Each structure stands twice: as structure tokens, then as C-alpha cells.
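Q: Take this structure, written in C-alpha cells, and hold onto it; I'll ask about it next.
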Amino acid sequence: MIIDKVAGIIGWPVSHSLSPAMHNSSFLACGLEGWVYVPMPVPKYPYIRLKEAVLGLRALGFRGANVTVPYKETVLPYMDDVSESARAIGAVNTIAIDTALRLCGHNTDGQGFINDLRERKIITSSMNVLMLGAGGSARAIAYGLLEHGCRSLMILNRTKSKAEELVQHMRSLFSTTPLEAAALNINKLRELPRFDLIINCTSLGMSDSAEALPWDASLAFSKGQIVYDVIYKPAMTPLLHQAASDGAVAINGLGMLVHQGALSFSIWTGKDAPLAVMKKAVGF
Ligand code: NAP
């Protein structure tokens, strides 16, 4: 069986995804002739045919695929093998298909986040970190942060039990870093001054509506703080607007998107990704 040169993205919806532009321009820039990256929408209604789609990659001779919302967790059972980080995070965002046609699940989101910080010369080892949200991106970023080191991590979530479950899970993997979970409310947010890095991993901010602030507008950031929003559309969420106007460093999720994609690119092609090309393709 000849392993093909096709990769793509599985999710619903995927028509808005920047990944096809990012990867196709990178294949061209690296002289990877014949390689192509395609959107692969797997609708949620009337039936989810995720299993057929994933196993179909093998039949169709794909080299790999990205997996996005809402299938990063549900795709796990269809993998023949799962990397240590994807298993710990409980989600797969990159599938690689080897010459024996085995499907291997990876997760590049957490490392992509860390690589973006590194490129910006932000070192987390001495930082007290506040994370808002406890969903898929929060799980990946918490793992990345704890693997690379931070002084402490507090996770706040609307559904408190999910934050507690995530902290309990991370504690079983990283026992030495102080971890705390609580409900996302004004009382906890008042502890803001003690944090160096604040990360929004909720989906609040994806629209421009006023209620899209995962925050309390009466609380002000300070100049030394870094506010990172994993959302990249819009480029400036209400949270980032507030952070910037308070004088904090405001960073959106485009860099994370590029770096997680760069890691996927290397997994499939065995080559270093052309970061400048990827950034240009997504309007970084
Ligand atoms: P997810 O697993 O669905 O988690 C969503 C999170 O948002 C949960 O913690 C949820 O809290 C919280 N939330 C949703 N609505 C809320 C509300 N009205 N008030 C307070 N909290 C609310 O999603 P995800 O995969 O983590 O993705 C989150 C965001 O990250 C998305 O915008 C996605 O596009 C972005 N993302 C970016 C990158 C990148 O490369 N930059 C990568 C992955 C994801 P509950 O638990 O209480 O429901």
C-alpha cells in the first residue's frame, strides 16, 4: 500500500477553518509535490458518521488528519495507538497513519500553546497562572503548562465540577505544582492581582456581544500581566480589548493555531514547518 500525500481536517463545521490555507501553502513552500490538505466536514445531523470518516482515511490512503470541534474527544476510541500527551489530555487533534495503516492519535494543542509563548520569549516556570474554562483547549493547555512548568495554576469554570475533575486529573500526573479549582465567579476573579498569566479557554468572546466577556468588566488588569485568549476570530475579543486598554499584554490564539499546525505538519511530513509561510497564510 502506498501511503498517499493527502491530509485534511475533520470537524463540524470546518468551512471556516484556516488550516487548509496554512498547510497547502506550507506544502508548496517546502517543495512537497502532490501534497494536499482538504476540509472534511462530518455533520452532526441527522447521524454522526465519525467512525466511518476516520476509518475511511485508512481506506483512502490518507497520510493524516487534524480533528477539531466537536470530535477531538470522541475520535479517541478509533485510534490504534495514542501518544502519551493525547492520552493524558483525553483528546486527539492530529491523526497520523503509518505504513502499516495504523492510526496514531496525537495532541499538538498544548505544545502549540507553549511554542507560541516561547517564540514570544515568555517563560512560564515562575508564573502563577489563572485559566478560565475546563473544556478541550483548557485540558491541552493545562497539560502543556504543567509539563513545561509553572509556579501554580488555578482553573475557574462555569461548571465547577469540570474544573475540579480537570485539576484532580492533572494532580495525578503532576503532583508537585500547586493546583486549585473553583467556580468562575466575581469572588475568585478578585484574586486577579496575584496572577502573571491569565488564559481564556472558554468560548466566550467568539461573538462581539457584550455578554461575551468571561470576566467582570469592573476588574482591571495591571501592566505586568499577560492575557492570552485562545480565540483568534475576532482577533481582538472583548477580553483582549479590556486587557490592552488596561496596559496588560494582550495575545490572541493565532500563534497557538500556527504552532499546533506546525507540529502536525512535521508529524506527517517529517520536515520542519515553514512558520513564516504558515503565519502569512492565516493573517498573523
Ligand atoms: P469546549 O471544550 O466546548 O469548552 C468550552 C468552555 O467554555 C467550557 O469551559 C465551558 O464551560 C465554557 N463556556 C461556554 N459557554 C460559556 C458561558 N456562557 N459562560 C461561561 N463559560 C462558558 O471548547 P474548546 O475546544 O476548549 O474551545 C474553546 C475555544 O478555544 C474555542 O473558541 C476554540 O475555537 C478555541 N480554540 C483555539 C485553539 C487555537 O489553536 N488557538 C485551539 C483549540 C480551541 P462549561 O464547562 O461550564 O460548559
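Coordinate-derived values only; no laboratory data. Here the structure is a predicted model, which is why all the values come from computation and not from measurement. Methodologically, a virtual Cβ is constructed for each residue, glycine included, from the backbone with ideal geometry; neighbour enumeration extends over all protein chains shown.
Q: Kindly give the semi-axes, whole Å and largest first, of the ellipsoid equivalent to the chain, taking each as the square root of 5 times a Cα gyration tensor eigenvalue. Could you put the intermediate results ahead of the total?
A: Values: eigenvalues 213, 81, 63 Å².
That gives 33, 20, 18 Å for the three semi-axes.
Q: Could you list Asp109, Asp116 in order of exposure, starting from the residue whose Cβ has the fewest other Cβ atoms within 10 Å?
A: Asp116, Asp109
Q: Given an 8 Å cut-off on Cα distances and at least 6 residues of separation, report the relative contact order of segment 3-66 as a percent. Walk me through the intermediate numbers first.
A: Numbers: 86 pairs, mean separation 32.8, N = 64.
After rounding, I find 51 percent.
Q: Does anything in segment 43-69 have its amide N under 18 Å from the 7 Å Cα→Cβ label point of Lys271, and if so which residues?
A: It comes to 63-65, nothing else.
Q: Would you kindly state how much longer the chain becomes between Ala244 and Ile123 on full extension, computed as 0.36 nm times their sequence separation minus their alpha carbon distance, in nm to one decimal?
A: Full-extension gain reported as 41.5 nm.
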